[in-house]
1. Among the numbered conditions (1) more than 24 Å from the chain's Cα centre (by Cα); (2) open to solvent by 20 Å² or more (accessible area, probe 1.4 Å); (3) modelled with pLDDT under 95; (4) within 20 Å of GLN329 (Cα to Cα), tell me where THR517 comes up short.
2. Is it fair to say ILE490 is open to solvent by less than 20 Å² (accessible area, probe 1.4 Å) and not small (Gly, Ala, Ser)?
3. Before we move on, is TYR312 surrounded by 20 or more Cβ atoms within 10 Å (Cβ to Cβ) and within 19 Å of ARG536 (Cβ to Cβ)?
4. Looking at (1) aliphatic (A, V, I, L, M); (2) free of Cβ contacts under 8 Å to residues at least 24 places away in the same chain; (3) part of a strand (DSSP E or B), find the lone condition where ALA361 falls short.
5. Which numbered condition trips up LYS184, out of (1) modelled with pLDDT of 95 or more; (2) not in a helix (DSSP H, G or I)?
6. When you scan the stretch 485-498, do you find a residue that is part of a loop (DSSP other than H, G, I, E, B) and either in contact (Cβ under 8 Å) with a residue 60 or more places away in the chain or at negative phi (or both), even just one?
7. Looking only at the stretch 434-460, filter to residues that are touching a helix residue (DSSP H, G or I) at 6+ places or on another chain (Cβ under 7 Å) and assigned to a loop (DSSP other than H, G, I, E, B); which one of those is nearest to ASP507 (Cα to Cα)?
8. Given (1) touching a Ser or Thr at 6+ places or on another chain (Cβ under 9 Å); (2) small (Gly, Ala, Ser); (3) open to solvent by 40 Å² or more (accessible area, probe 1.4 Å), where does SER482 come up short, assuming only one miss?
Amino acid sequence: MKLRKIVYGMLCMGALASCSDQMNYHEYNNYDEDFVKLNFSNVGGLITTIYLDLDTDFGNYSGAILGSATDESQYAYTGNSIETFYNGSWSPTNAQSGTWSTCYSGISNCNLFLDKYVGLTFPELEQNADYKPQMFRYNNYQYEVRFLRAYFYFNLVRQYGDVPFIDHFLSADESNTLSRTPAKDIFDYIISECDDIKDLIIEDYANLPADVVLPSESPETGRVNKATVLALKARAALYAASPLFNTDNNPELWHRAATANKELLDYCVNERGMKLVSDYASLWDKNNYKNATDELIFGRRANRESSTMESYNYPVGIEGGNGGNCPTQNLVDAYETTDGCPVRLVDGVWTAEGSRVFDPAKPYDDRDPRLKMTICVNEETGWPTWNETPIYTYQGGANGQPLNGGTPTGYYLKKYCQGDIDLRSNSTNKSAYHTWITYRLGEFYLNYAEAEFQLGHEDVAREYVNKVRARKSVNMPSITDSGEALLKRIYHERQIELAFEGHRFFDLRRWKIADNTPIVGLNIIKDGEGKFSYERYVLSLDSRKNEWKDAFFVLPIHYSEIQKSNESLEQNNGY
């Protein structure tokens, strides 16, 4: 395992945000330990470096997102590295190892800080006017760093299972003899660490005491706080209780998960006054760091000047659009009618049995409002917002196949794209904020529902699923299911509510229901009279119909990492 050198820096392409403002950054080069200890700013540079390893996914695989390795979407172009996850080429010598290297780099810097830079007093700076507020921030850094280390371990354990555990800055000899710690112990560590720091870390950077606010600037709010710590604990507890890791279905783990998620909800709702925002789409728009603060617990803000998400995913056929990650018919099928009936397309015929509102001639109208907030459908108008012509995804349409990059599924992605970004050559509005949702309240309502179901508390499970469905801009009917049907509804609600937020890939694995289910697109044909016909088809680009192996529930460790450990690091079974 390579341990990164001490690098202090600002990524000019990135910035962080939580609920209301961005984190302040400082730029540094490589310096030694004595330099770092000179002042607050130098130490803060190391903290910045650690924060920059927080994950996002605005197209991590050369434009493709992790959702395109699941039934959420299909990438429009062949030969992309996302295909490694499902085309049979996934192996220890061809592993997607970015999470491994990034997380262990972050852990290394966390351990460096905790080993060498805790307990400083900066006596030569005591007479400075800002000494007290700077020391206040500095003394909180250790709790932020302990959270960040636990966060990196969570990302590792959910992806690889057992992983090496390191709680101090390693010597070269130690780094070459690492072995794996059981996933159970990693989860226990994460939860224990969160419990240790939850009442020590700053509760809210936006509400600091007046005497510790720096005189020349507003408080930073893009940093970890108590709610963030509780969110990591709650998510880790849910994963630890899930079938992939809780192989004997120990109810105590489900009880721990329910308790941790309720603790977070009680704190956020009762003490912080948070709630589900009325407008679902505001969760990812350019002003979400201001307008969605009631629900956003923590987010990682990407570059303010970026339009890469839009360039990757705007429909082909409009200037600057490349198609990109195209939502599947599998996902579209999950959106019910507004009166709660499932929609089906069988032998070219749309039906919604029992629905009072569904019109087969307009199959995307009167559906769960989250459908059109998330996905661009055939004949949609006003997408992007500056576009004056409808989007036509039918065969031969202005935005469909056979255009290069034309959607193979019949749909284009809207979620996380900022529709007012105008990629036309004469536009001056080519950028906007993009904040990756790390934790938000809606997830934890569904986490709590899942854990309570597993404990046999079906009334509570239904209540919390229905809270999500009752969001003002969604307003879907309450569910009344029980038993296994209720569990499927909980899974179903996560699929819709959390689509494209990075959950689906790991949810399918922790539930142990990922398999070789065909990925389906929609072939739309327009006849001479202007009428459309529809045909579901298994995507010809797709290789996910290869035989599923249980080994795929976790990722392979790259063979180079095993070599570096002198073979003390064992490979995951089945690779």
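1. (1)
2. yes
3. no
4. Result: ALA361 passes all but (3).
5. (2)
6. Yes - at least one qualifying residue is present in the stretch 485-498.
7. Within the stretch 434-460, the subset touching a helix residue (DSSP H, G or I) at 6+ places or on another chain (Cβ under 7 Å) is 434-435, 437, 439-442, 444-455, 458, 460.
Filter again for assigned to a loop (DSSP other than H, G, I, E, B), leaving 434, 455.
Numbers: HIS434: 24, LEU455: 19 Å.
Looking at the filtered set, the residue picked out is LEU455.
8. The failed condition is (1).
The values are calculated or read from the model by the stated rules, or taken from the named source; none is laboratory data. What you see is a predicted model, and the numbers here were worked out from it, not measured in a lab. All Cβ positions, even for glycine, are placed from backbone atoms using ideal geometry, and neighbour counts span all protein chains on display. What goes into the accessible areas is simple: the full protein's heavy atoms, side chains included, and nothing from ligands, DNA or RNA. Shrake-Rupley method; radii C 1.70, N 1.55, O 1.52, S 1.80 Å.
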